[in-house]
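*Asks:* Could you have a look at this structure, given as structure tokens, before my questions?
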Amino acid sequence: MGRADPEEGQLPAPVKPPDGGWGWIVLLGCFVITGFSYAFPKAVSVYFKELMKDFHVGYSDTAWISSIMLAMLYGTGPICSIMVNQFGCRPVMLIGGLLASAGMILASFTTNIIELYLTAGVLTGLGMALNFQPSLIMLGTYFDKRRPLANGLAAAGSPVFLSSLSPLGQVLLEKFGWRGGFLIMGGLLLNCCTCGAVMRPLDMGMKRKMEKTQDKYEAKEMLPIGGKSEEGISTTDGTKKAKKAKKKPRKGKKLLDFSIFSNRGFIIYTISKFILVLGLFVPPILLVNYAKDTGVPDTEAAFLLSIIGFIDIFARPACGMVAGLKWVRPHVAYLFSFSMLFNGLTDICSARASNYTGLVIFCVFFGISYGMVGALQFEVLMAIVGSQKFSSAIGLVLLIEAFAVLIGPPSAGRLVDALKNYEVIFYLAGSEVVLSALFLATATYCCLNRGKKKEPPPEKNPSMGGGSDTEEAESDVQEAEEHSSDNHQPAHSTDNAMVAASEEANHVADEQSGEGGGCPAGDGEVSARDGCNADQTVERDSF
């Protein structure tokens with residue numbers, strides 16, 4: 001049908017992740033956003049002593065600033081999902097960067113702790129939430145085969161920024177005070193707008209390429225190639241109309257897709273993640289005070305967190321590379337379960353560490369396991385729900401995690417105050433993490449076995465995020481071609497009716513003339529047109 005058909009076949013196809021190219025710039029932006037989102041609430045704690053002096057409040061009052069930031073980061077997940085589905089990732093990230101920066105700048109002019117809660121806590125936390133979630137969505141859009149590695153590299157932004165923002169905050173505090181430090185930190189958060197600006201939608205770049213290719217083929221179609229060109233153009237026009245007619249009844253994308261709760265894998269992941277968050281963050285929060293109570297000097301106790309951060313920097317990309325291997329990636333959920341089991345057993349085995357050497361060994365193993373968990377958590381979610389529903393899934397998961405964040409660490413702090421014993425807290429936190437690992441592995445195994453028994457024919461699993469758009473586009477093309485072919489069926493049916501009438505007339509004439517059995521000359525051709533068998537045609541030729 002000429003050269004227009006290949007191009008028409010390419011136009012409706014979905015855009016495949018390039019696994020590189022501009023995706024590396026998107027990965028760099030996601031690295032920065034992840035670093036700010038996770039490290040900034042912890043780095044702000046450097047200013048707490050000065051805030052306590054100026055506002056005459058206690059440590060628990062200032063600690064609410066970081067808690068509100070984290071609560072906004074997790075709790076506003078559904079709002080972020082709705083905004084991303086409605087407006088796209090780039091506009092939401094630009095607005096989020098402005099809000100995060102404005103929150104810290106306004107916080108530098110506050111006069112009481114409540115104003116700090118509203119500016120540095122609510123406004124900055126909301127801005128970082130509007131950056132964090134869209135950056136992960138864009139990362140899943142640009143990477144498919146290398147997605148585990150990309151998730152690992154992006155997750156490494158958290159320990160890198162934590163190890164750099166805390167010393168920077170201390171320097172700013174000594175030179176400019178907490179107000180000047182907040183002002184400069186607000187300027188740094190404007191880099192989130194830069195990261196949002198590089199989040200170019202994938203279809204835009206591909207559309208430009210397709211337009212160039214289309215222009216090339218259109219230029220070739222200008223050359224006269226006889227009647228075939230007219231036939232190709234008419235067929236192409238019919239296919240286009242059929243595609244438009246097919247696409248008209250489709251509804252718009254849901255702002256928040258609750259149908260993911262019908263996915264058993266998503267339910268299992270959500271329950272496991274809730275149990276995990278209850279105990280995951282408790283050991284690093286209590287580690288420094290635990291070391292001080294065992295007689296470790298303050299400087300050496302603070303260095304323990306630096307050990308965890310340093311190990312974490314290398315553990316996340318390394319785990320991402322391992323998860324991307326061909327024989328590992330299909331079983332990434334079990335690797336995630338192993339990482340959680342490793343982390344929980346580390347907490348339990350180190351609960352009785354009574355000297356600095358034992359705490360250092362704990363920090364090394366905790367850094368490895370914590371990095372593995374951080375590198376795999378969103379990769380597993382992408383593999384379960386797919387890239388199309390990831391925007392809604394991550395919002396709902398973060399909302400559920402927000403409740404666990406508000407329950408776990410505060411409850412552990414109250415138990416420490418009541419029992420005056422850190423050993424019990426480490427046992428409890430480790431048991432919760434081990435329980436989440438066992439639940440995820442067991443439930444995933446049982447769910448997979450049940451799915452295999454109920455659905456024996458092999459089908460592509462849409463929950464793994466592979467090819468749903470491609471299959472939909474291919475079905476559209478096939479239906480369009482069938483629709484265009486159906487337009488020619490009335491003509492063929494008319495020809496068949498005329499041929500049948502002529503055959504009947506010939507048969508009557510043959511009976512009247514006394515010639516029995518055979519077909520007249522040329523009737524073999526008519527039979528061939530009417531769909532006669534090859535055997536019948538051979539018999540007639542023999543007569």
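*Asks:* How high is the FRET efficiency between N191 and L256 when r is their beta carbon distance and R₀ equals 35 Å, given to the nearest 0.05? List each step's numbers first, then the result.
*Replies:* Working: r = 29 Å, r/R0 = 0.83.
Efficiency for this residue pair is about 0.75.
*Asks:* In whole Hz, what ³J(HN,Hα) sequence does segment 355-372 give by Karplus (6.51, -1.76, 1.60; θ = phi - 60°), x for Gly and Pro?
*Replies:* For segment 355-372, the Karplus curve yields 9, 5, 5, x, 5, 5, 4, 4, 5, 5, 6, 5, x, 5, 5, 5, x, 5 Hz.
*Asks:* Sticking with this structure for a sec: What order do I65, I348 take when sorted by accessible area (1.4 Å probe), most exposed first? Before the final figure, lay out the partial values.
*Replies:* Numbers: I65 0, I348 50 Å².
Output order, biggest surface exposure first: I348, I65.
*Asks:* Taking Rh as the Kirkwood radius computed over C-alpha pairs, what is the Stokes-Einstein D of segment 17-221 at 10 °C in a medium of viscosity 1.306 mPa s, expressed in µm² per second? Numbers along the way, then the final one.
*Replies:* Working: Rh = 17.9 Å.
This corresponds to a translational diffusion coefficient of 89 µm²/s.
*Asks:* Going by accessible area, probe 1.4 Å, with all protein chains left in place, what is the ranking of R264, R316, R414, largest first? Walk me through the numbers before you get to the answer.
*Replies:* Numbers: R264 105, R316 15, R414 185 Å².
Output order, biggest surface exposure first: R414, R264, R316.
*Asks:* Of all the Cα-Cα pairs you can form in segment 257-451, what percent are over 23 Å apart? Present the calculation step by step, with values, prior to reporting the outcome.
*Replies:* Details: 8520 of 18915 pairs.
For segment 257-451, the fraction of Cα-Cα distances above 23 Å is 45 percent.
*Asks:* Below 8 Å between Cα atoms, with a sequence gap of 6+, how large is the relative contact order for segment 320-393 in percent? Could you put the intermediate results ahead of the total?
*Replies:* Details: 40 pairs, mean separation 25.4, N = 74.
It comes to 34 percent, rounded to a whole number.
*Asks:* Could you tell me what percent of the accessible area of segment 257-451 is made up of carbon and sulfur, with a 1.4 Å probe and every protein chain present? If you can, show how the numbers build up before the last one.
*Replies:* Values: 5930 of 8360 Å².
Ligands and nucleic acids excluded, carbon and sulfur give 71 percent.
*Asks:* Between their Cα atoms, which of K42/K389; K42/K292; K145/K389; K42/K420; K145/K273 are more than 22 Å away from each other?
*Replies:* Values: K42/K389 31 Å; K42/K292 20 Å; K145/K389 18 Å; K42/K420 25 Å; K145/K273 25 Å.
Going by Cα-Cα distance, K42/K389; K42/K420; K145/K273 fall outside the 22 Å limit.
*Asks:* Expressed as a whole number of Å, what is the distance separating the alpha-carbon centroids of segment 91-155 and segment 34-67?
*Replies:* Cα centroid to Cα centroid, the span is 17 Å.
*Asks:* Considering only W178, L70, P134, whose Cα is most displaced toward the positive end of the charge dipole of segment 17-221, charges sitting on Cβ of Lys, Arg (+1) and Asp, Glu (-1)?
*Replies:* P134
*Asks:* Within the accessible area of segment 17-221, what % is carbon and sulfur when the probe is 1.4 Å and the other protein chains stay in place?
*Replies:* Working: 5690 of 8540 Å².
Whole-percent figure for carbon plus sulfur exposure: 67.
The values are calculated or read from the model by the stated rules, or taken from the named source; none is laboratory data. For clarity, every value in this text was computed on a predicted model and none was experimentally measured. FYI the Cβ positions are ideal-geometry reconstructions off the backbone, even for glycines, and counts take in every protein chain you see. What goes into the accessible areas is simple: the full protein's heavy atoms, side chains included, and nothing from ligands, DNA or RNA. Shrake-Rupley method; radii C 1.70, N 1.55, O 1.52, S 1.80 Å.
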